[in-house]
Amino acid sequence: MWRWLLASLGLALFLSLLYSDYQQFLDAPLEVSADGQVLEVKPGMGINEIARHLQRQPGLSRPALYLEAHARLNGLAARLKVGEYALSPGLTPRTLIDRIVAGQVIQHALTVVEGWTFRQLQQAMTRHPKLAQTLQGLSDADVMARLGRPGEHPEGRFLPDTYHFPAGFTDEAFLRRAMTAMDQRLAEIWQNRAPNLPLDNPYQALILASIIEKETGLPAERPEIAGVFARRLLKGMRLQTDPTVIYGLGEAFDGDLRQRDLTTDTPYNTYTRKGLPPTPIALPGEAALKAAVNPAAGDALYFVADGQGGHVFSRTLAEHNRAVRRYQLQGK
């Protein structure tokens, strides 16, 4: 009788100590280096494998069985999400499992830069180590068809911004997100356009915005440059903007725009053709989009780079020619 009682008391004490140790384990910080670690939960990876992986790193100071028990007893083992999870100093096993169940994976970033061409965007996606490549080798037409926009040109269709995504996110999904963002932003900006614009639809605004984006990096100048282009379009004047010519040259452009390039006709040569080019020439940012549909008032019809990152605006050709001689031809 006494033996049974002592054995029962011993078992109860052992279980009590075990439970106390188990509870302490759940709220004791994992052994994580100061600069952090990454836990990758792969498809098919169960709680037992996760626990063993953490103990090998090292990560668990107590038996891996505790982590498995916590997940299984609380119905969490079947709810673990695939992905990369950040392990930082102070993180407890309880919080880690909660994060994995909630799918709070590491978010990677890629910034789409204002003024990039679609080709530069593709190159940036290809170089990103966490984006899954599914579009390599496809033509532009095939890419747009995959995005549900067959027959459309890809240039200018993706909004410059910083996008966050988990590891394994596909390049197709990335483009789809950036395209949707541009569609939404362009529609909003078009609704707030100024009256009497020489633009018939949002796509023309996108084209004009792409030219503005390539003409200046100064936010304050964008409405002024938009005003020049709007007035030239209204008067039936050619836009005569170098960035469109350069885009039309494609890979033939070697960094030096020559006089013969300005007189060689292409669909993008705004020195030889009136109106807007057939497509955007780059990815315009929000500021350029707003400028395109809300150009600054004024009477300037010309502008020339001043050599300091800005431009000098002129009302007449005579004024413009003087500005060209002063700012572009000096020292030549």
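Estimate the FRET efficiency between ALA102 and ALA297 by the formula 1/(1 + (r/R0)^6), using the beta-carbon distance for r and 51 Å for R0, to the nearest 0.05.
The value I calculate is 0.45.
Need the full-extension length gain, SER20 to ALA132, defined as separation in residues times 0.36 nm minus the C-alpha distance. One decimal, nm. Spell out each step's value before the answer.
Working: separation 112, 0.36 × 112 = 40.32 nm, distance 4.47 nm.
Extra length from SER20 to ALA132 when fully extended: 35.8 nm.
At what distance in nm do the modelled label points of LEU73 and ARG176 sit from each other, each positioned 7 Å from its Cα along Cα→Cβ?
So the label points at LEU73 and ARG176 sit 4.2 nm apart.
Would you list which aspartates and glutamates come within 20 Å of LYS214, measuring only between C-alpha atoms, while excluding same-chain residues fewer than 8 positions from it?
The qualifying aspartates and glutamates are GLU114, GLU155, ASP161, GLU224, ASP242, GLU251, ASP254, ASP256, ASP261, GLU286, ASP306.
Assuming a ≥ b ≥ c are the square roots of the Cα gyration tensor eigenvalues, decide whether segment 193-327 counts as rounded (a/c under 1.5), prolate (otherwise, with a/b larger than b/c) or oblate.
Working: a/c = 1.41, a/b = 1.09, b/c = 1.29.
It is rounded, given that a/c, with a ≥ b ≥ c, falls under 1.5.
Cross-link partners among aspartates and glutamates for LYS274, C-alpha distance below 12 Å, same-chain residues fewer than 8 apart left out?
ASP265
With n ≥ 4 as the cut-off for DSSP H runs, can you work out [θ] at 222 nm for the chain, using -39500 (n - 2.57) per run divided by the number of residues, rounded to the nearest 500?
On the way: 13 runs with 154 residues, N = 332.
So the calculated ellipticity at 222 nm is -14500 deg cm²/dmol.
Full extension from ARG193 to ARG238: what is 0.36 nm times the residue separation minus their Cα-Cα distance, to one decimal in nm? Walk me through the numbers on the way to the answer.
Values: separation 45, 0.36 × 45 = 16.20 nm, distance 2.27 nm.
Full-extension gain reported as 13.9 nm.
May I ask for the Rg/Rh ratio of segment 135-276, computed from Cα atoms with Rh as the Kirkwood radius, given to two decimals? Walk me through the intermediate numbers first.
Working: Rg = 17.0 Å, Rh = 17.1 Å.
Reported Rg/Rh, Kirkwood definition of Rh: 0.99.
How high is the FRET efficiency from LEU218 to ARG56, r the C-beta distance, R0 45 Å, rounded to 0.05? Intermediate results must be reported in sequence, preceding the final value.
Values: r = 55 Å, r/R0 = 1.22.
The pair LEU218/ARG56 has a calculated efficiency of 0.25.
I'd like the Kirkwood hydrodynamic radius of segment 26-102, using the inverse of the mean 1/r over distinct C-alpha pairs, in Å.
Over segment 26-102, the inverse of the mean reciprocal pair distance is 12.2 Å.
Give me the distance in nm between label points sitting 7 Å out from Cα along the Cα-to-Cβ direction at THR264 and THR95, one decimal.
6.2
How big is the Kirkwood radius of segment 277-332, worked out from every pair of different alpha carbons and given in Å to one decimal? Please report the intermediate quantities before stating the final value.
Numbers: mean 1/r = 0.0750 Å⁻¹.
The answer is 13.3 Å.
Any idea what the relative contact order of the chain is, in percent, if you count C-alpha pairs under 8 Å spaced at least 6 apart?
Numbers: 489 pairs, mean separation 48.9, N = 332.
Averaging sequence separation for qualifying contacts and normalising by length gives 15 percent for the chain.
Could you sort the peptides 313-319, 171-177, 114-120 by per-residue average Cβ neighbour count (10 Å cutoff), highest mean leading?
Working: 313-319: 14.3, 171-177: 18.9, 114-120: 17.3.
The packing order, highest mean first, is 171-177, 114-120, 313-319.
Could you work out how much longer the chain between GLU251 and VAL113 gets when fully extended? Use 0.36 nm per residue separation minus the Cα distance between them, nm to one decimal. Don't jump to the answer; show the numbers that get you there.
Numbers: separation 138, 0.36 × 138 = 49.68 nm, distance 2.04 nm.
The span from GLU251 to VAL113 would gain 47.6 nm if fully extended.
Output the peptides 270-277, 104-111, 145-152 sorted from most to least packed, where packing is the average of other Cβ atoms within 10 Å over each peptide's residues.
Values: 270-277: 18.2, 104-111: 15.4, 145-152: 13.1.
Ranked by mean Cβ neighbours within 10 Å, highest first: 270-277, 104-111, 145-152.
If R0 is 25 Å, what FRET efficiency do you get for SER139 and ASP35 from their C-beta distance, rounded to 0.05?
Numbers: r = 43 Å, r/R0 = 1.72.
Taking R0 as 25 Å, the efficiency between SER139 and ASP35 is 0.05.
Straight-line reach from LYS130: which lysines have Cα under 16 Å away, leaving out those fewer than 8 places along the same chain?
Once the sequence-local lysines are set aside, what remains near LYS130 is LYS42.
Each value in this text was obtained by applying a stated rule to the coordinates, not by laboratory testing. In this text the structure is predicted, and so the values were computed from the model without any measurement. Ideal geometry is used to build each Cβ from the backbone, glycine not excepted, and the neighbour counts take in all protein chains shown.
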